[in-house]
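The values are calculated or read from the model by the stated rules, or taken from the named source; none is laboratory data. As the structure is a computational prediction, the values presented were derived from the model and not from experiment. All Cβ positions, even for glycine, are placed from backbone atoms using ideal geometry, and neighbour counts span all protein chains on display.
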Amino acid sequence: MAMPIFRATARHGLRAVGYFLAGGFVVAVVGLVWHLNGRPDLEVWHTADLTEEFRARSDVDSFAEYLALEDRLFAQLREEVYDQMDPVDRRDIARYHAGSLSDPERWPRNWNRSFELGAADPRAGVLLLHGMSDSPYSLRSLGERLHAEGALVVGLRIPGHGTAPSGLVDVEWEDMAAAVRIAVRHLRERVGDRPLLLVGYSNGAALAVEYSLAALENAELPMPAQLVLLSPEIGLTRLAALAVWQERLGHLLGLEKLAWNSILPEYDPFKYGSFALNAGKQAYRITVEIGAQIARLGAAGALERFPPTLGFQSVVDATVSAPALVTGLFDPLPAAGGHELVLFDINRLLDVEMLLRRDPAGWIDGMLTGARPTFTVCAVMNESEETADVVIRRLGVGEQEHTTQPLDLRWPRDVYSLAHVALPFAPDDPVYGGPQAGKSPGIQLGELVLRGERGVLEIGASDLLRLRWNPFYPYVEQRVVEALDAIAPRRSATMGSESARNE
């Protein structure tokens, strides 16, 4: 008799616990929806439907056709966003207010557009691939230097970018990859049998890797001779995949705000402030695809032909994971490939270890200890904890001990680390540079540090304090030039070059 009573009581207890958990889940979801929907209202740049954007299914076969479609896209942007702005939003730092300090048209060239820097007799063809929510401006400086070195350079505007944040609401990584294929084919036609160099930043780095892996399986895709990757988007947390559920909940409830991870003012002329959840979803999807490609090609022994790869990565990065970059890309590559990863440590002079959530010292020390079986590691670090001077510690493939060489660069005062967004920008960049920044025709964001009460400014303190420029950019630039020299040795004859043009 006692056993049936016990079982019944247990069933009732489990049912009560189930009801309690379900009720708690519903309350949590309602609270989350209430919080997310209580954010600022969406503006026209969040909702504009720019139908002239390129898609993988678009009837576009050449780079010239891609640029013609881009012309129509930017004309539509003017009509659907600039001309539709509410008068109260027409502020001096409003990106979509014509003539404002943040209007990209203030610059001699609108660097949100695809561009080509031509050369009459190019040493090589270079394709620049920018990051997520970014624009071709981010790799402009590297592109201009490589052009000065004799390369024909194309800076591709990745679909969904350079226009309005709404462009990232429904774009897919396959659209981006299709645009990369068109641009690479164009470069091959322009430079003939000269080598190709792909330079990718963040999501652009992932696109460069995906393209190169696809070229291993498809002989019709021109194979790059070298990859250069900055803050490469290879390892992302699986939480990024959960973005789709917030999107679906928003669609179910008819709440457009739930399609956004952040809804922020648009004041940066060359980068979106607001971030659509779909952008994170596509970043996650392409990293999953890259993982599958590497596993498949590795099992077939095909990674031997993967192009030599030079990567640059900060050991602290709020967007991508440095350890996952190693395990997800560099470790699987064969040792004979000439691959190299440059890591930037934190500034040990400032004694910030006590404030760190996690000190990367153990991990970076491990990278420099023992033989690296497949790639060379270089670490840019303080010479000691008593100086801001930095050195390069290098451990080559098969070497047991690292070597050290001085680097004629220093950590700036009060800078404790690099940031994901900082690596491609020179200290003198007119928009994102530091104290040495050149004169900007519009807004200057690199040194925009203000102090006062919280909640007063539209721009959040975390954005104001995030480092936007790389104090070690001269080293990065020189290494990229050396990568070009390795695949396209300098010719003694003088090389003429056309004027930079936007085709």
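Quick notes on this structure:
- If you go through segment 373-405 and pick out every residue that is of a type in the set (S, T, N, Q) and not in a strand (DSSP E or B), you end up with 4.
- Residue pairs meeting the criteria (Cβ under 6 Å; at least 6 apart or on separate chains; first free of Cβ contacts under 8 Å to residues at least 12 places away in the same chain, in segment 271-288; second surrounded by 24 or more Cβ atoms within 10 Å (Cβ to Cβ)): none
- Scanning segment 396-433 for residues that are under 24 Å from G200 (Cα atoms) and either of a type in the set (S, T, Y) or free of Cβ contacts under 8 Å to residues at least 40 places away in the same chain (or both) gives G396, S417, D428, P430, Y432, G433.
- Qualifying residue in segment 64-87 (condition: over 28 Å from the mean Cα position of the chain (by Cα) and modelled with pLDDT under 85): no
- Selected residue [modelled with pLDDT of 95 or more and assigned to a helix (DSSP H, G or I)] from A292, A324, A283: A292
- Residue pairs meeting the criteria (Cβ under 7 Å; at least 6 apart or on separate chains; first part of a loop (DSSP other than H, G, I, E, B), in segment 298-309; second of a type in the set (S, T, Y)): F306/S212; P307/S212
- Residue match in segment 107-121 (condition: buried (at least 24 other Cβ atoms within 10 Å of the Cβ), over 29 Å from T47 (Cβ atoms) and modelled with pLDDT of 95 or more): yes
- Filter result for V320 (closer than 30 Å to L258 by Cβ, free of Cβ contacts under 8 Å to residues at least 60 places away in the same chain and of a type in the set (V, I, T)): no
- Scanning segment 300-327 for residues being buried (at least 20 other Cβ atoms within 10 Å of the Cβ) and over 17 Å from A419 (Cβ atoms) gives a total of 5.
- Criterion: acidic (D, E), assigned to a helix (DSSP H, G or I) and either at pLDDT below 90 or closer than 30 Å to R123 by Cβ (or both) - qualifying residue of D414, D408, D463: D463
- From the list D59, D83, the one residue that fits, being surrounded by fewer than 18 Cβ atoms within 10 Å (Cβ to Cβ) and either within 22 Å of E172 (Cα to Cα) or in contact (Cβ under 8 Å) with a residue 60 or more places away in the chain (or both), is D59.
- Of all residue pairs spaced 6 or more apart or on separate chains, none has beta-carbon atoms under 9 Å together with a first member in segment 336-349 that is under 15 Å from E477 (Cα atoms) and a second member that is assigned to a strand (DSSP E or B) and acidic (D, E).
- Residue within segment 181-192 that is under 16 Å from the mean Cα position of the chain (by Cα) and over 26 Å from P489 (Cα atoms) present: no
- Of all residues making up segment 358-372, the number that are in a loop (DSSP other than H, G, I, E, B) and out of contact with any Lys or Arg (no Cβ under 7 Å at 6 or more places or on another chain): 6
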